[in-house]
Structures are given as structure tokens and as C-alpha cells.
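Below is one structure, written out as C-alpha cells; the observations come after it.
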Amino acid sequence: MEAFNEPIESFLDDLLMTRGASEHTVVAYRRDLLQASEMLAVLGLKGWNEVGADHLMRLQVHWGPPLSPSTARRKMSAVRTFLKALSRQSGSGVVTIPAVTRTRKQRILPQALSTEDVMALMDAITPVDASSLRDRALFELIFGTGLRVSEATCLRLDQLSMETAALNVVGKRQKTRWVPIPRQTMEWLERYLIEGRPALAKRPLPQVIVSQRGGAMNRSLVYGLVRKYAVLAGIE
């Protein structure tokens, strides 16, 4: 194992002393690289210069379930970073970096709230001032019409037709669609536009939804409001 371990320690010293890596990073690299070297030794390799694409594929399979995809990606990334450093150090291409299929990041699908949770979220908003009126109107837009958060925050006054109770929404790839507005959502929008928005808009602004500072809202502000009212409603 000495042929495997000496290059690892040299690489870690360089990480710590030259690149200023943290002790935590060095410990994580050491753990992942030592695990990789043990597996490669089991496969019959004598050193890192013998590593090929098939060996990296075996490592990738070895680091499959029950390890999480993010952990597997981290370990494979450590090995590839190390091999690249060895290749640069040798200067002669002795250590090659084989191509290997990367572990795909797992897509986490959003979970929809139940009808009861949506109602609890709405009820957690006490419309007593301009901001809380804005919050209720915003949530009504999102949950009542099915708008994306970005569509709700970018919605302009000229896209809102109070006469026909409809929205002319510009979505992905600039595609437009007409969205009907439910009666309850219309009532909250009307109240917000009359009682709330004038107090928030410090200057002329095309957006329907106005932030506390009088500008346009962004998604992070909306997510913060969702978390705030979810806590008040007792929703995880």
C-alpha cells in the first residue's frame, strides 16, 4: 500500500500548505482516497499509475447504494482531483485521467401541500396592514391561480384584467397564457390594490406585488414569507 499512500500524503500536504485547504477538507480527502486505494489494491493494482477507466467504474459501483448520490459524487470527485494533481506533478502524462460516467445528481421532486395545509397557511396571515395584505394577495395569486413564484413576482399591472377576472401571464420561453382568477383571489387582489399597494409603492412600479422597500419582490423574499407563515400555521 506504500505506493498508494505516499502520493496521497504528498497531495494532502500540498492542499494544506500551498492551497490553504482546511483541516476538515484534508481529512475528507484522506478518508476518500484511502478508501479508494484499498479498493484498487483489492483489484490487483500496484499504484495510481495503473488506474484505468474500468477501475474508476468499479469504484463508482462500489460507492453506490446505500451511500447517497451526493456522497458518491464527493468521493469520485476527490479521486479525479487527486489523479489530475498527480498528472500535473509528473509532467509526463504517466498518470492519465480516464473518462467515466459521473454519478447523476438525484432530482428531488417538490411536495405539494394538502388543501388543509394551504388553508392553514392562508389563515396564518392576519391582514392588518399593507404588508400583510400584500402577503395574502401574493399567496392567493400563487395558490389560487397556480402561478409560479417567478410569474407572480413579475406580474405587471397591465397583465391584470379586473374586468374579465383574468391574468395574461408570460411564462417560460416568453409564452403567454390567459389564467382565470377565482372569485376569492379577486377579492383579495382588489383589497390589496386599494388599501395595500399604494402604501408600499414609493415610486411608479409596473409590478403588482411590491416589496417592503417599495421595489419588486424576488423569489428568495417569497420563500422567506412561506417559511414564516408555515411556522405560524404549524406546517413542517
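The values are calculated or read from the model by the stated rules, or taken from the named source; none is laboratory data. Just so it is clear, the structure is predicted and the values come from calculations on it, not from any experiment. No Cβ is skipped: glycine too gets one built from the backbone with ideal geometry, and neighbour counts run over all protein chains shown. With ligands, DNA and RNA removed, areas are computed over all heavy atoms of the protein, side chains included. Shrake-Rupley method; radii C 1.70, N 1.55, O 1.52, S 1.80 Å.
Points worth noting:
- With respect to the conditions (1) touching a helix residue (DSSP H, G or I) at 6+ places or on another chain (Cβ under 9 Å); (2) open to solvent by 70 Å² or more (accessible area, probe 1.4 Å); (3) at pLDDT 85 or above; (4) among the hydrophobic types (A, V, I, L, M, F, W, C), Val42 falls short on a single one, namely (1).
- Whenever a residue of the range 41-65 is closer than 23 Å to Glu9 by Cβ, its partners that are open to solvent by less than 20 Å² (accessible area, probe 1.4 Å) and modelled with pLDDT under 80, lying with C-beta atoms within less than 8 angstrom and at least six residues away or across chains, give the pairs Trp48/Val95; Asn49/Val95; Val51/Val95; Val51/Pro98; His55/Pro98; Leu56/Pro98.
- Checking Leu113 against (1) modelled with pLDDT of 90 or more; (2) of a type outside the set (S, T, N, Q); (3) surrounded by fewer than 18 Cβ atoms within 10 Å (Cβ to Cβ), the condition it does not meet: (1)
- The range 210-236 residues that are over 14 Å from Val149 (Cβ atoms), paired with ones that are part of a loop (DSSP other than H, G, I, E, B) and open to solvent by 100 Å² or more (accessible area, probe 1.4 Å) (beta carbon under 9 Å, 6 or more apart): Val210/Lys202; Arg213/Lys202; Gly214/Lys202; Gly214/Arg203; Gly215/Lys202; Gly215/Arg203; Ala230/Glu236
Results for (1) modelled with pLDDT under 90; (2) over 17 Å from Leu33 (Cα atoms); (3) touching a Lys or Arg at 6+ places or on another chain (Cβ under 8 Å); (4) open to solvent by 30 Å² or more (accessible area, probe 1.4 Å), shown as yes or no for each residue.
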site: Ala78; (1), (2), (3), (4): yes, no, no, no
site: Phe82; (1), (2), (3), (4): yes, no, no, no
site: Gly91; (1), (2), (3), (4): yes, yes, no, yes
site: Ala99; (1), (2), (3), (4): yes, yes, no, yes
site: Arg107; (1), (2), (3), (4): yes, yes, no, yes
site: Ile125; (1), (2), (3), (4): no, yes, yes, no
site: Arg134; (1), (2), (3), (4): no, yes, yes, no
site: Glu140; (1), (2), (3), (4): no, yes, no, no
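- Flag for Ser161 being among the polar types (S, T, N, Q) and under 14 Å from Val222 (Cα atoms): no
- Looking only at the range 190-236, and only at residues there that are open to solvent by 90 Å² or more (accessible area, probe 1.4 Å) and among the basic types (Lys, Arg), the one that is nearest to Cys154 (Cα to Cα): Arg219
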